[in-house]
Amino acid sequence: MSSRLFPTSFIGGAHGPWRVTAMTALTGEALPAVSAVTVGESLPAAGAPGFTLRGVASHLRYTTRSEREELIGKQEDLGRPGASHAALIPLRKSPAWWALAQDERRQIMVDAARHFAIGLRYLPAIARKLYHSRELGEGFDFITWFEFAPHDAAAFDELLAALRESQEWRYVDREVDIRLLRTAR
């Protein structure tokens, strides 16, 4: 049995189950404007997409065993019926980030930026999945997919604001925030 991980594609175009409600380039180059997004593995190309992002969901790279267990214990799965809102946030970190050793990056994420602690405060209301793209040679290092209910939209904005104010975000040199609304199941 192969342990190969299959990339997930995020295809922005004219049609799809997630309607784009806002697209904002926060840092760096924007993505082409689209009206919908489709997410899945091995998606067929339906016309010329505005963009295609690919990432692999792999192990959690900066968490300890106890942090991982706490996260798994609180986090809900994607695809919950009431979670009709989503955000697709691809981002790239600067060469200075990647020049740091693994333990230095963890120190910034966990101790200085409190990335893990901030995220835990918003569980289980906001579900998320992280995809790694750097190893695939993509234009972003990470793609994060979030889902939440409409009444949790303000909490989601608080989560992002707290993360973006952290020391870790000084290393982000490209970030696009795409807000979505599920139109089909």
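Summary of computed values
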read-out: Matching residues, region 153-180, being within 18 Å of Tyr122 (Cβ to Cβ) and either of a type in the set (D, E, K, R) or in contact with a Leu (Cβ under 6 Å, 6 or more places away or on another chain) (or both); value: Asp157, Glu158, Arg164, Glu165, Glu168, Asp177, Arg179
read-out: In region 137-185, residue nearest to Pro17 (Cα to Cα) [restricted to those that are assigned to a helix (DSSP H, G or I) and charged (D, E, K, R)]; value: Asp152
read-out: Selected residue (only one of Arg128, Arg92, Arg105, Arg164 is among the charged types (D, E, K, R) and either touching a His at 6+ places or on another chain (Cβ under 9 Å) or more than 24 Å from Phe10 (Cβ to Cβ) (or both)); value: Arg105
read-out: Count of residues meeting criterion [of a type in the set (Gly, Ala, Ser), under 23 Å from Leu180 (Cα atoms) and at pLDDT below 90] in region 101-137; value: 1
read-out: Every pair of residues 6+ apart whose Cβ atoms lie under 7 Å, when the first sits in region 150-171 and is at pLDDT 95 or above while the second is of a type in the set (D, E, K, R); value: Tyr171/Lys93
read-out: Sole residue being touching a strand residue (DSSP E or B) at 6+ places or on another chain (Cβ under 8 Å), more than 16 Å from Leu163 (Cβ to Cβ) and surrounded by fewer than 17 Cβ atoms within 10 Å (Cβ to Cβ), chosen from Ser84, Ser133; value: Ser84
read-out: Selection within region 83-129 - part of a loop (DSSP other than H, G, I, E, B), without any contact (Cβ under 8 Å) to a residue 60 or more places away in the chain, closer than 17 Å to Arg170 by Cβ and touching a helix residue (DSSP H, G or I) at 6+ places or on another chain (Cβ under 6 Å); value: Ala113
read-out: Which listed residue, of Ala96, Ala101, Ala57, is touching a strand residue (DSSP E or B) at 6+ places or on another chain (Cβ under 8 Å) and among the aliphatic types (A, V, I, L, M); value: Ala57
read-out: Hits in region 53-67 - residues which are exposed (fewer than 14 other Cβ atoms within 10 Å of the Cβ) and at pLDDT 75 or above; value: Arg65, Ser66
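The values are calculated or read from the model by the stated rules, or taken from the named source; none is laboratory data. Worth saying up front: this structure is predicted, and the values here are computed from it rather than measured. When we count neighbours, we look across all protein chains shown, and the Cβ atoms used for this are built from the backbone with ideal geometry, even at glycine.
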